[in-house]
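Read the structure below first, then the notes.
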Amino acid sequence: MNFYVSSYGKGEQKGIYICELDKDNKTISLVKQIMTKDYPSYIITKGDLLYAAFKDAGSGIGGGVANYQMIKDDLQLYSHFDSMGRSYTHLCLSQDDHYLFTANYHVGATAAYLLEDRKIVKKIGTVHHHGLGIDLLKRQTGPHVHYVGITPDNKFLYSVDLGADKIVMYDYSDGILTEKSKNNLLMIPGSGPRHMIFSKDGRFSYVINEISNSIMVYSYHDGHYTLIQGINCVPRHFHDFSSAAAIRMTKSGKHIMISNRGHDSIVLYRVNQETGKISLLYMVHTGKGPRDFNIIDDQFVIVANQESNEIELYTFDEETEELQSTGEKIEIPQPVCVAY
């Protein structure tokens, strides 16, 4: 099967790399590079389309979003929307495929795009966030939106703001974003929330905090959150710099994994199906700077190590809870996202 890796490589090295996973032989190989004008910061797939959020490569007129048809061992551009230098770090689709939502880290904003026949036709609007945090490394001098998603009840678009320490909740009827401030989730000051996902039954949410290198568990009901657990993502004896990067849940909902940049590891947690709480199993060291990873069929984990310019293949046995490196690697310049 094919999977896709986005790259921040310099010059003509940047783009989307098509790779192949041989499940039987537990190997990975490079198929083709699709060069892009800008840096593809995040990619997702739905049906036969791959959607990409772009970071402007310095022209001041690029950035924006695009989608591609996934055809065998190729990607063919389906639609593209330049955003006049606006750079996005994440994106998500409405359930009906009528709208595409994006997170702009650099200016601290959430934007909405209209889709027609799954083509990106126009930007509906942008909402700029407000606020700041207490981080001493100056990552919280203003709002920095890092992630967008749809709540499992499909009532809200949520926007994770690392700079302002909050999850902003929006009504997104007709693609128009209206903040529901009473539903916003305020994080512990200095946390720096980066990504948030939900349990399979929609009763719990899991937030990883980049700055505090922690994961917070909340119960969720009808747009409201209640904190039930908080755990550090690195060992207490580890005192060097580290930041949580990505979080994924297995399709079964029984396990969560997160990646740490600095500690350079994938952390495996077991999820209590009744309480939503998580318990640490162990940590597996990776290459340098695991910015993203993805779990395939609850059996394989592909890790994108941005700083060591490689992707790695791990196997995962959910019954025995064993996450093991296969030793399989592919050299890809500055990989930042994995999708399939």
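A short reminder: the numbers here are calculations on the coordinates, not readings from a lab. For clarity, every value in this text was computed on a predicted model and none was experimentally measured. Here the Cβ positions follow ideal geometry from the backbone for every residue, glycine too, while neighbour counts run over all protein chains shown.
Computed about its Cα centre, the charge dipole of the chain is approximately 840 debye, with only Lys, Arg, Asp and Glu carrying charge at their Cβ.
Other residues whose C-beta falls under 9 angstrom from the C-beta of Lys329 contribute a net charge of -4, scoring Lys and Arg +1 and Asp and Glu -1. For region 111-123, backbone phi angles converted through the Karplus equation (6.51, -1.76, 1.60; θ = phi - 60°) give residue-by-residue couplings of 10, 10, 10, 8, 10, 10, 6, 6, 8, 7, 9, 6, 8 Hz, Gly and Pro being listed as x. Couplings 3J(HN,Hα) of region 259-272, computed from phi: 10, 10, 9, x, 6, 6, 7, 10, 9, 10, 10, 9, 9, 6 Hz, in residue order, whole Hz [Karplus 6.51 cos²θ - 1.76 cosθ + 1.60, θ = phi - 60°; x for Gly and Pro]. Footprinting exposure proxy ranking of Arg194, Arg291, fewest other C-beta atoms within 10 angstrom first, gives Arg291, Arg194. Cα extents for region 211-286 along the principal axes, largest to smallest and rounded to whole angstrom: 39, 24, 18.
Semi-axes of the equivalent ellipsoid for region 131-274, computed as √(5λ) from the eigenvalues of its C-alpha gyration tensor and ordered from largest down, come to 24, 20, 12 Å. List Glu312, Glu322 from most exposed to least, where exposure is judged by having the fewest other Cβ atoms within 10 Å. Neighbour counts put them in this order, fewest first: Glu322, Glu312.
Computed over region 188-340, the convex hull of the alpha-carbon atoms projects to a mean area of 9.1 nm². Each Lys or Arg adds one and each Asp or Glu subtracts one; over the other residues with Cβ under 15 Å from the Cβ of Glu307, this totals -1.
Across the options Asn272, Asn260, Gly327, the greatest Cα extent toward the positive end of the charge dipole of region 258-329 (unit charges at beta carbon of Lys, Arg, Asp, Glu) belongs to Asn260.
If you take the square roots of the eigenvalues of the alpha-carbon gyration tensor of the chain and sort them as a ≥ b ≥ c, do you get rounded (a/c under 1.5), prolate (a/b over b/c) or oblate? Since a/c stays below 1.5, the shape of the chain is classed as rounded.
By the count of other C-beta atoms within 10 Å, a proxy for reagent exposure, His90, His255, His80 are ordered fewest to most as His80, His255, His90. Using the Cβ-Cβ distance between Thr27 and Lys251 with R0 set to 22 Å, the FRET efficiency works out to roughly 0.45.
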